[in-house]
Amino acid sequence: MYPEFVPIYVGLIITIALLVVILIVLLKKGGGNSATPKSTTSSVMAAPAPSGNVVFCKNCAAEFDAAQRCCPKCGTPR
């Protein structure tokens, strides 16, 4: 092993370790838990049929159907 490459190897090991830590933190926050829906069934049942038009909430930037009058996430009126 050439001594000139030691800093490169150390840098690669540190980079890989940081990526693994970031991945673990993101998975623990809920990034990997996509099997459970975040909305309740009552809000899904109360929503009108989708019209195909999409709008974004002014308050929380959630995406929802244009036929709805209020944001399903935070309740802000359009």
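The values are calculated or read from the model by the stated rules, or taken from the named source; none is laboratory data. A quick note: this is a predicted structure, and the numbers were derived from the prediction, not measured. As a convention, Cβ positions derive from the backbone with ideal geometry for all residues, glycine included, and neighbour counts pool all protein chains shown. SASA here: full protein model, heavy atoms, side chains in, ligands and nucleic acids out. Shrake-Rupley method; radii C 1.70, N 1.55, O 1.52, S 1.80 Å.
When I24, I13 are compared by accessible area at a 1.4 angstrom probe, the order from most to least is I13, I24. Here the label points at L18 and A67, each 7 Å from Cα along the C-beta direction, are separated by 4.9 nm in the simple model.
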